[in-house]
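Below: one structure, written as structure tokens.
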Amino acid sequence: MQKRQIIIGQERKHIINKNSSITNEVARRKTFAIISHPDAGKTTLTEKLLLYGGAIRLAGAVKGRKASKHAVSDWMEIEKQRGISVTSSVMFFDYNGYRINILDTPGHQDFSEDTYRTLTAADCAVMLIDGAKGVEAQTRKLFHVCRMRHIPIFTFVNKLDRYCKNPFDLMDEIEKVLGIRAYPMNWPVGEDGLYKGVYNRKLRQLEMFASQGHGQHALSAKSAAVDDIKSQTLLGEHLYQKLCEDIELLDMAGDGFDMDKVKSGELTPMYFGSAMTNFGVQPFLDEFIGIAPSPGRKNTTNADVQPDGEDFSGFVFKIQANMDPAHRNRIAFIRICSGRFEKGMEVTHEKTGKTIRLAQPQQFFAQERTVAEEAYAGDIIGVVDTGLLNIGDTLCTAKQSFRFDGIPVFPAEHFAQVRTPDAMRRKQFLQGMNQISEEGAIQVFKQPNLGVETLTVGVVGVLQFEVLEYRMKNEYGVDIVIEPLPFSVARWVSAKNISKDLLGFFNSAKAVEDRLGRPVILYKDEWTLSRAQENNKDTEFFEFPPIA
């Protein structure tokens, strides 16, 4: 009896130690996405965070097709040629005892669907704003997605190496346009693009930069207390007095810093700097990782999942084919939500009930990979997938089945017929179109009377057609012909037989099927759709596909 009690005691101690280890590991995870309007400097900021985090030695700006150095996070060849990000990238590094997971998202609105999906894997977001342009259209859209998902938002005002709006005006714009109060964590020292450093409000000190440089190397910085005579000498009388006035105004009229309000989406910590010249980047990184939230609980169909729970769980938020040209494999990106992941562990695929073994797990630094021996809540791992996994799928080891909240699907707004002129490449054509559609980059429909050689493709943004053509040629060796269609609205319908009333006027609609054979009608515009709905009261119209 005594021996049995000793064994039970050892088992309990092991469980306690295991849970304690998981709790500690989760606490040091910081997983965030960077969002912005195109050309605000998002990928450049990502590079500089990697630079100061010690993950890279030399930062490469996102430039045109003749540039010899490209951003680490832009791994697709078309990204390097066009100088834009077209797909989300995952990178991790260790810094000051923390494991940092950065999700670099496309800024261009034509690839916003990939950004929306990636935000489901983030615990908070860094909203990048061009100091001269303020809050722009795509920033507003992405901000509201973050707010809907209750993701805390941190603001970095970029490009202070150039002329910028008055910092007080930017604060006011954020509040009026986005409906959230801003609390400046630091404050630019100088004026009209001639900034010499930042004032750290928490430490009440100046942080001056020795040189601007071109931003490829980390800059050394020197600091001084704001009331030190050294500060007056560094700034000169005019700038020193201006800074003192700004500080007094901020302290008297501004909100106090409240982390609970940050978590609830009422307040955004605000930082100033220049990603291109490294101005203010390291102070931002140091403060941000200290206050950014670690992984929290996640909603499921049964009960909330706690990140330090004993059972492993996670969900697929991204599928990417052909990351490695040598192997042409398909990678499913999994956000871990709870427990400890171990290489080779067996998990349950919630949708099918099948048990699968995660035998080749990887972690990413853009396109580069390392074997993931273990990982915890907040981490992103990739597993080689043979086609079983899809975006939104739940994986877990818990005995009681559950499913994480679904990932939003956005309706296509542009449509085209896509075919290959080379009948000998038919197999490769179908394989490529199928794999790219499973990534969520395109939506593929079939027209029954045209066969499979010609497909109807829907996309959120027209630039996705260019990416599709490039990828089909370079990844699958298939030339394609894209013929635009005059439709802008797609609706799934409950009717089994498509009548003339559903199709409306001549050439104003088109009947197709999705990959599961469900009827879909493409309409020329919202007015045409409205007329069809009025004439078909017994038919249900769905903006999103019904749950299969």
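All conditions but one from (1) surrounded by fewer than 22 Cβ atoms within 10 Å (Cβ to Cβ); (2) out of contact with any strand residue (DSSP E or B) (no Cβ under 6 Å at 6 or more places or on another chain) apply to residue 339; the one that does not is (1).
Residue count for segment 385-400, restricted to those that are in contact (Cβ under 8 Å) with a residue 60 or more places away in the chain and part of a loop (DSSP other than H, G, I, E, B): 9.
The residues of segment 200-233 that are polar (S, T, N, Q), at pLDDT 70 or above and loosely packed, with under 13 Cβ neighbours inside 10 Å amount to a single one, 233. Could you tell me whether residue 480 is β-branched (Val, Ile, Thr), within 26 Å of residue 320 (Cβ to Cβ) and open to solvent by 10 Å² or more (accessible area, probe 1.4 Å)? Here the answer is yes, as residue 480 does meet what is asked.
The set of residues from segment 147-182 being at pLDDT below 85 and either under 13 Å from residue 127 (Cα atoms) or part of a helix (DSSP H, G or I) (or both) comprises 147, 148. Selection within segment 292-306: residues that are under 20 Å from the mean Cα position of the chain (by Cα) and in contact (Cβ under 8 Å) with a residue 24 or more places away in the chain. The member of this set that is most open to solvent (accessible area, probe 1.4 Å) is 299. Within segment 230-273, the set of residues being basic (Lys, Arg) and closer than 21 Å to residue 190 by Cβ comprises 230, 242.
Condition check ((1) small (Gly, Ala, Ser); (2) at pLDDT below 50) across all residues:
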{"site": "25", "(1), (2)": "no, no"}
{"site": "41", "(1), (2)": "yes, no"}
{"site": "49", "(1), (2)": "no, no"}
{"site": "65", "(1), (2)": "no, yes"}
{"site": "76", "(1), (2)": "no, yes"}
{"site": "88", "(1), (2)": "yes, no"}
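Within the set 410, 404, the sole residue that is among the aromatic types (Phe, Trp, Tyr) and surrounded by fewer than 20 Cβ atoms within 10 Å (Cβ to Cβ) turns out to be 410. Does residue 531 satisfy the condition of being touching a Gly at 6+ places or on another chain (Cβ under 8 Å) and open to solvent by 40 Å² or more (accessible area, probe 1.4 Å)? It is true that residue 531 is touching a Gly at 6+ places or on another chain (Cβ under 8 Å) and open to solvent by 40 Å² or more (accessible area, probe 1.4 Å).
Just checking, how many residues over segment 169-186 are in contact (Cβ under 8 Å) with a residue 40 or more places away in the chain and either polar (S, T, N, Q) or open to solvent by 30 Å² or more (accessible area, probe 1.4 Å) (or both)? Explain how you work it out, then say what you get.
To start, the set of residues in segment 169-186 that are in contact (Cβ under 8 Å) with a residue 40 or more places away in the chain comprises 170-171, 174, 177-178, 180-186.
Remaining after also requiring either polar (S, T, N, Q) or open to solvent by 30 Å² or more (accessible area, probe 1.4 Å) (or both): 171, 177, 181, 183, 186.
The number of residues fulfilling the criteria is 5.
Taking the stated definitions as given, is residue 313 in contact with a Pro (Cβ under 6 Å, 6 or more places away or on another chain), farther than 30 Å from residue 161 by Cβ and open to solvent by less than 70 Å² (accessible area, probe 1.4 Å)? Before you say what the answer is, go through the steps one by one.
Numbers: in contact with a Pro (Cβ under 6 Å, 6 or more places away or on another chain): no; farther than 30 Å from residue 161 by Cβ: yes; open to solvent by less than 70 Å² (accessible area, probe 1.4 Å): yes.
Here the answer is no, as residue 313 does not meet what is asked.
Within segment 401-419, not a single residue is part of a helix (DSSP H, G or I), over 22 Å from residue 354 (Cβ atoms) and at pLDDT 85 or above.
The values are calculated or read from the model by the stated rules, or taken from the named source; none is laboratory data. Quick caveat: nothing in here was measured; it's all calculated off a predicted structure. No Cβ is skipped: glycine too gets one built from the backbone with ideal geometry, and neighbour counts run over all protein chains shown. Only protein heavy atoms, including side chains, enter the accessible area calculation; ligands, DNA and RNA are left aside. Shrake-Rupley method; radii C 1.70, N 1.55, O 1.52, S 1.80 Å.
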